[in-house]
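K.L.:
I'd like to ask some things about the structure below.
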Amino acid sequence: MTNDELDTRDPLLIVGAHAFDAEVMGGAAAAQWSAHGGLVVIAHISLGERGHHSKSAQEYGQQKREEALRAAEILGAEARFFDQPDTDPDGVDRVGQELATVVRQVRPGTVVTHWRGSWHPDHVAAYQATVQALLLSGLKATTETGTAHEPRTLLFGENWEDGEDFRPDTYMDVTDAYATWQDALAAYEIGRVPAPGFPYRDYYSALARMRGCVIGAGYAEAFQAAPVEMMAGLGLGLQGRWRGSSGEGS
């Protein structure tokens, strides 16, 4: 997608399983979106408070919340939290219903979340909760949480933990937003100091450069568009103006 093709009239909603997931999957797109005047909301289902090798869940959870707020500020986005316990994927129904309310409030044209092909149960739960939310948000009979809303575009972000059968077919040129995105990642400790076993920032920075090469840009974020059958089943509209792998608008 080129800057000229960027349509920010409708908000962008990014749903991550843990604080930091949304930023690595779609943080550069968020920065690009907000820089062009669009509203961006980042929804953190869980803080990921049990992910630190030495800090308690309570201490790290508070830190991650503060980091998420700082990252959102840098990206020009709004952060929302669902307070789902980390490593507890059983709250899909509750989160799906709460997220449906957010969809009706924010009224996004594009939603980004995790791909279902993940070994991480929290990521799979985030996918399931988002799909459920989109189904509920479009039901006109369910009016107690606001007017029904159906986003036009559903995209699945690229995450190293969600690689099973992930096939990118939609790209966004984020060259202009790359520096801002890097600053947002650095708002997190995990984005500054490599976690034991995996250098997150190095991986996603290199991935953005590689995806940029595919479309002839400096940097890009890649997504997999929801299949037509899923869009039809959810009652969602046609895909928005995103650049597909063929280089043609979708």
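K.L.:
Taking a temperature of 10 °C and a viscosity of 1.306 mPa s, what whole-number D in µm²/s does Stokes-Einstein yield for the range 135-185 with Rh from Kirkwood over alpha carbon pairs? Working shown, then result.
P.N.:
Numbers: Rh = 14.7 Å.
Rounded to a whole number, D works out at 108 µm²/s.
K.L.:
In Å, what is the Rg of the alpha-carbon atoms in the range 125-219, and how long is Dmax?
P.N.:
Final numbers for Rg and Dmax: 17.3, 48 Å.
K.L.:
Another question about this same structure. Just in the range 149-206: which GluC sites (Glu not before Pro) are loop by DSSP and have at most 13 other Cβ atoms within 10 Å? Please list the in-between numbers first.
P.N.:
On the way: sites: 158, 161, 164, 189; in loops: 158, 161, 164.
Passing both the DSSP loop test and the Cβ count: 164.
K.L.:
Taking just the C-alpha trace of the range 28-120, give me its Rg and Dmax in Å.
P.N.:
14.3, 40
K.L.:
Could you work out Rg/(2.2 N^0.38 Å) for the range 106-159, with Rg from alpha carbons only? Please list the in-between numbers first.
P.N.:
Values: Rg = 12.3 Å, N = 54, 2.2 N^0.38 = 10.0 Å.
Against the empirical 2.2 N^0.38 Å value, I get 1.23 for the range 106-159.
K.L.:
In units of 2.2 N^0.38 Å, what is the alpha-carbon radius of gyration of the range 10-244? Present the calculation step by step, with values, prior to reporting the outcome.
P.N.:
On the way: Rg = 16.4 Å, N = 235, 2.2 N^0.38 = 17.5 Å.
The range 10-244 yields a ratio of 0.94.
K.L.:
Take each complete run of DSSP H in the chain, measure how far its Cα atoms stretch along the helix's own axis, and keep only those covering 18 Å or more with mean Kyte-Doolittle hydropathy at least -1.0; list them. Spell out each step's value before the answer.
P.N.:
Details: long enough: 21-35 (21 Å, 0.26); 57-75 (26 Å, -1.04); 92-106 (20 Å, 0.17); 121-137 (24 Å, 0.52); 200-215 (23 Å, -0.10).
Length and hydropathy pass: 21-35, 92-106, 121-137, 200-215.
Values quoted throughout were computed directly from the atomic coordinates according to the rules given, and no laboratory measurement underlies them. Predicted model, so just to flag it, every value in this text is computed and none were measured. As a convention, Cβ positions derive from the backbone with ideal geometry for all residues, glycine included, and neighbour counts pool all protein chains shown.
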